[in-house]
Amino acid sequence: MQLIVHMRVSWRSLGVSLGVLGGAAQSGLVAFVGALQHLRLGALSVTANGPATVTWSGLASAASYAWIVSAKSADDGTAVAQPAVFRTPKGQPTVSVTSAPVDWGTAAKVAVKVAAGAVPVSGTVELREGTTVRGSAALSDGSATLSLPVGLAAGSHTLTASYSGSDLLEAGQGTVTVTVNLPPAWSSAPLYKAGAKVSYNSKPYLAAWASKNQKPGDPNGAWQELAVATSSATTGTAPGN
């Protein structure tokens with residue numbers, strides 16, 4: 001009698017296919033031995049030259065396990081596979097990124113959540129817009145909040161949050177679109193007081209003094225064009241810090 005064993009390992013489970021060759025009706029027994037305890041997964045009945053499959057779920061990620069496979073025939077013939085050790089791969093995290101729209105001149109906040117079931121999450125996240133780094137932070141309980149630069153250009157910004165990974169988890173990414181709204185459009189009708197903000201030709205302006213019917217853009221006028229952040233990076237914080 002001969003045992004043929006095929007194994008499929010994920011970070012959550014082990015699947016074993018057992019084939020028994022030779023003899024009449026056969027029964028197979030698959031036993032798994034962990035690092036701290038002996039665990040019998042179960043007994044499997046198989047026909048001659050037929051397969052049987054078992055799954056061991058609830059495995060830890062990036063952990064080592066030992067297993068033994070044995071079979072016994074109807075006429076008391078036995079076969080035992082050599083003990084072997086397998087290691088589960090790192091877990092696959094899910095990276096969720098959220099942000100609410102903000103008015104221009106207000107720092108937008110980006111919340112990052114990294115989850116992997118019961119696997120502890122540690123490490124850092126980095127926030128990028130294209131090749132520009134917008135911030136980074138260490139995770140606390142899998143979460144971090146990052147503040148974007150004040151004065152970020154109005155419009156939509158597509159940001160990518162990259163998780164560094166850990167000893168137990170692979171790296172991962174998530175994306176979010178941050179919307180920055182311009183101030184109200186300038187109009188010739190109202191009297192604008194000092195400190196008022198408007199937009200004109202898709203640019204933000206601040207009133208240095210009161211004015212009416214004076215278009216923004218005049219270097220000698222009341223309106224001063226506000227600077228737009230292009231490459232500033234900020235450091236985020238983990239919740240509770």
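Below are the figures for this structure:
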{"item": "Qualifying residues in the range 154-181 (those that are assigned to a loop (DSSP other than H, G, I, E, B) and touching a Pro at 6+ places or on another chain (Cβ under 9 Å)) - the one surrounded by the fewest Cβ atoms within 10 Å (Cβ to Cβ)", "result": "ALA171"}
{"item": "Checklist (1) acidic (Asp, Glu); (2) touching a Phe, Trp or Tyr at 6+ places or on another chain (Cβ under 9 Å); (3) surrounded by fewer than 16 Cβ atoms within 10 Å (Cβ to Cβ) applied to GLU126, failing item", "result": "(3)"}
{"item": "Residues satisfying the stated conditions in the range 211-232, i.e. exposed (fewer than 13 other Cβ atoms within 10 Å of the Cβ) and either on the phi > 0 side of the Ramachandran plot or in a loop (DSSP other than H, G, I, E, B) (or both)", "result": "ASN213, ASP218, PRO219, ASN220, ALA227, THR230, SER231"}
{"item": "Scope the range 171-217; condition in contact with a Leu (Cβ under 8 Å, 6 or more places away or on another chain) and of a type in the set (Val, Ile, Thr); matching residues", "result": "THR175, VAL176, THR177, VAL178, VAL180"}
{"item": "Verdict on ALA196 being hydrophobic (A, V, I, L, M, F, W, C), assigned by TED's automatic domain parsing to the domain that holds GLY221 and either surrounded by 20 or more Cβ atoms within 10 Å (Cβ to Cβ) or at pLDDT 95 or above (or both)", "result": "yes"}
{"item": "Per-region count, the range 84-101, residues part of a strand (DSSP E or B), at pLDDT below 95 and either over 14 Å from the mean Cα position of the chain (by Cα) or not small (Gly, Ala, Ser) (or both)", "result": "4"}
{"item": "The lone exception for GLU126 - which of (1) in a strand (DSSP E or B); (2) without any contact (Cβ under 8 Å) to a residue 12 or more places away in the chain it fails", "result": "(2)"}
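For every residue, the table says whether it meets (1) at pLDDT 95 or above; (2) farther than 29 Å from SER57 by Cβ; (3) not assigned by TED's automatic domain parsing to the domain that holds ALA63.
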residue	(1), (2), (3)
ASP103	no, yes, yes
VAL114	yes, no, yes
LEU139	yes, no, yes
THR145	yes, yes, yes
PRO149	no, yes, yes
SER164	yes, no, yes
ALA171	yes, no, yes
VAL176	yes, yes, yes
TRP186	yes, yes, yes
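The values are calculated or read from the model by the stated rules, or taken from the named source; none is laboratory data. Remember, predicted model here, so these are calculated numbers, not experimental data. Don't worry about glycine lacking a Cβ; one is built from the backbone with ideal geometry, like all the others, and counts go over all protein chains shown.
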